[in-house]
1. Take the residues in region 72-130 that are β-branched (Val, Ile, Thr) and free of Cβ contacts under 8 Å to residues at least 40 places away in the same chain; name whichever of them is nearest to residue 18 (Cα to Cα).
2. Give me a count of the residues in region 74-124 that are polar (S, T, N, Q), more than 19 Å from residue 32 (Cβ to Cβ) and buried (at least 19 other Cβ atoms within 10 Å of the Cβ).
3. Starting from residues that are hydroxyl-bearing (Ser, Thr, Tyr) and surrounded by fewer than 19 Cβ atoms within 10 Å (Cβ to Cβ), keep the ones in region 18-42 and report whichever is nearest to the chain's Cα centre (by Cα).
4. Given 90, 115, which one is farther than 21 Å from residue 10 by Cβ and modelled with pLDDT of 95 or more?
5. Here are the criteria: (1) in a loop (DSSP other than H, G, I, E, B); (2) within 15 Å of the chain's Cα centre (by Cα). Tell me which single one residue 83 does not satisfy.
Amino acid sequence: MPAMNILANLFVTLDNTESRRKDECIVVPTSKLAIEVLHTLKKDGYINDFEHIEDNRGGKFKIKLLAKISKCGSISPRFKVKKTEYTKWEQQFLPSYSRGMLIVTTNQGVMSHHEAVNKGLGGFLIGYVY
């Protein structure tokens, strides 16, 4: 089986499902990082809920959507970002200052870039959503 970017797959599936106006999707396989990303999306109101189903083949997510995502994607390569540099990346990945969020993995876990700014944390950009 070819190597697979689990996060990229997660974002592409969310994006495609939203554009088809369906209200739930299944994403295979899963990872600890993907679980943290989904928690962040849920906390910030982009998805309704998700369930992690263990099937002994890498697991799968059943994700309930809210029709809130107009675009999302993974950022690759994962750029290192300092706590002062988020504005530059917002301009590159988000449509406007007030819309959307960058998803960043920090030494305190995965969070939105808004939360990272408030906590004064840098990290690695792993995705965006708006």
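1. Looking at residues that are β-branched (Val, Ile, Thr) and free of Cβ contacts under 8 Å to residues at least 40 places away in the same chain, I get 104.
2. Here the count works out to 0.
3. Applying the filter and picking the extreme gives 31.
4. 90
5. (2)
Yes/no per residue for (1) outside any helix (DSSP H, G or I); (2) touching a helix residue (DSSP H, G or I) at 6+ places or on another chain (Cβ under 7 Å):
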{"site": "11", "(1), (2)": "no, no"}
{"site": "15", "(1), (2)": "no, no"}
{"site": "29", "(1), (2)": "yes, yes"}
{"site": "37", "(1), (2)": "no, yes"}
{"site": "42", "(1), (2)": "no, no"}
{"site": "50", "(1), (2)": "yes, yes"}
{"site": "69", "(1), (2)": "yes, yes"}
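The values are calculated or read from the model by the stated rules, or taken from the named source; none is laboratory data. This structure is a prediction, so every number in the text was calculated from the model and none was measured. Note: ideal-geometry Cβ built from the backbone for every residue, glycine included; neighbour counts use all protein chains shown.
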